[in-house]
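Q: What follows is a single structure, and I will ask about it in a moment.
The values are calculated or read from the model by the stated rules, or taken from the named source; none is laboratory data. Predicted model only: the values in this text are computed from it and were never measured. Because the Cβ atoms are built from the backbone with ideal geometry, glycine has one as well, and the counts that use them run over all protein chains shown.
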Amino acid sequence: MRLPNRVVLAPCTRNRATADLSPSAGAADYYAARAEAGLLVTEAILITPDAQGYLDTPGLFLESHTTAWSVVTRAVHDRGGRIFAQLWHTGRISHSHWSKCQPVSASAVLDPVLRRQAGGNTLYNEMPRALRSDEVAGVVDLFRLAAQRALDAGFDGVEIHGANGYLIEQFLRQHTNRRDDEWGGGTAARARFALEVVQACLGVWGPGRVGLRLSPAAYFGEMQWRSGDNETYAHLLQSLRSLPIAYVHTGVVEDKFYSELGATSSGFLRQHWPGVLIGNGGYSPESAAQQVTQAAFDLIAFGKLFLANPDLVPRIFSGVPLQPYTAETLQSLR
Ligand SMILES: Cc1cc2nc3c(=O)[nH]c(=O)nc-3n(C[C@H](O)[C@H](O)[C@H](O)COP(=O)(O)O)c2cc1C
């Protein structure tokens, strides 16, 4: 894919889905308004109802979802844009309030911190159960099916959400992966689930259309960093070099120096990944341009600034000051 610029819309959950978890009527306008980006990445999209962990997050597991997302992709293409669907399984962050089932994860390890409000109730995380060995292939297949629906819906590619403490990261880290089967117990085994999901999506999309988001800094969702986790990420990134993926994308709120990585989050990924790298996390257009000039990364994803400035790209290129992101910004979305 040739992109007209290096600006990416970071995936941003909007909590605007309809009752059947289709994207809202406003989603087409929301994404089309940002279509001047080199690439748009959607809000995280559930690959199964079992994975829902937040209010009104959209899915891509029903025929009606494919139809609803095709309205969004058409609106973006009509404006000359390109859009990837971010595919998401929350693992232990899912909640029976929505999913009606016990969360699943790599192992039965609770995140004791995250809680959210729903219908006047405070929802605490629930103890997940470890996926049985004979269930793992089925979850990989859910990613494949969602990737196929994304293709049918007219997306330009998919981004696998391997970041921010959700299911794929739960397999990658020793804190949440205590398995001793083929998906745990060693560096290569912990990376295996992520690689299987990548391969399943590549099987649908072919070369250059599958991205992977990773958070090598364990900063979110009560993920605890353990000595040896860096080796798992290094192994995963090394293995990805022989696969025709489109890019690796940094998932982090602030791309600062993390002592456990000995680098920034993007910097760590760059050390192990020579391909296309999307930097992210607290950048301004100026600081991002500096990093791109130094080849620290190839593209930059903006989250909060792109939420607050639908016309971020023309503002950057014409030097118009940016609107700040405020608490009201999210409320203004449709
Ligand atoms: C409201 C909001 C929703 C977000 N939802 C997602 C999401 O669905 N998937 C994801 O990978 N990251 C999500 N993020 C993280 C952003 O993609 C990004 O990594 C983060 O905002 C840091 O970049 P920024 O400083 O440019 O905003 C979200 C961030 C915000 C502010």
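Q: Which residues, taken from the range 229-256, are surrounded by fewer than 21 Cβ atoms within 10 Å (Cβ to Cβ) and either closer than 19 Å to ASN164 by Cβ or within 16 Å of the ligand (Cβ to nearest atom) (or both)?
A: ASN230, LEU240, VAL253, GLU254, LYS256
Q: Read through the list (1) away from the ligand (no atom under 12 Å from the Cβ); (2) in contact with a Gly (Cβ under 6 Å, 6 or more places away or on another chain), then give the number of the only condition that LEU46 fails.
A: Among (1) away from the ligand (no atom under 12 Å from the Cβ); (2) in contact with a Gly (Cβ under 6 Å, 6 or more places away or on another chain), LEU46 violates only (1).
Q: While we're on this one: Here are SER287, SER266: which of them is modelled with pLDDT of 95 or more, polar (S, T, N, Q), surrounded by 12 or more Cβ atoms within 10 Å (Cβ to Cβ) and under 30 Å from VAL204 (Cβ atoms)? So that I can check it myself, show each step before the final result.
A: Values: SER287 fails: under 30 Å from VAL204 (Cβ atoms).
Within the list SER287, SER266, the selection yields SER266.
Q: Taking interchain pairs and intrachain pairs at least six residues apart, which have beta carbon atoms under 6 angstrom, with the first residue in the range 1-13 and at negative phi and the second acidic (Asp, Glu)?
A: Here the result reads PRO11/GLU43; CYS12/GLU43; THR13/GLU43, each pair linking the range 1-13 to a residue that is acidic (Asp, Glu).
Q: Among the residues of the range 157-174, is there at least one that is more than 16 Å from the ligand (Cβ to nearest atom), farther than 25 Å from ILE278 by Cα and surrounded by fewer than 21 Cβ atoms within 10 Å (Cβ to Cβ)?
A: yes
Q: Can you run down the residue pairs with Cβ atoms below 7 Å, 6 or more apart or on separate chains, where the first is in the range 27-44 and over 13 Å from VAL8 (Cα atoms) and the partner is part of a strand (DSSP E or B) and within 16 Å of the ligand (Cβ to nearest atom)?
A: That search, which allows pairs on different chains as well, returns ALA44/GLN86; ALA44/TRP88; ALA44/HIS161.
Q: Can I ask one more? Within the range 169-191, count every residue that is charged (D, E, K, R) and either modelled with pLDDT under 95 or over 16 Å from ASP111 (Cα atoms) (or both). Spell out how you get there, then give the answer.
A: Applying the first criterion (charged (D, E, K, R)) to the range 169-191 yields 169, 173, 178-182, 190.
Checking the rest, the ones that are also either modelled with pLDDT under 95 or over 16 Å from ASP111 (Cα atoms) (or both) come to 179-182, 190.
Count: 5.
Q: Sort out which residues of the range 1-32 are away from the ligand (no atom under 16 Å from the Cβ), of a type in the set (A, V, I, L, M) and within 28 Å of PHE317 (Cα to Cα), and write them in order of number.
A: Selection gives MET1, LEU3, ALA28, ALA32.
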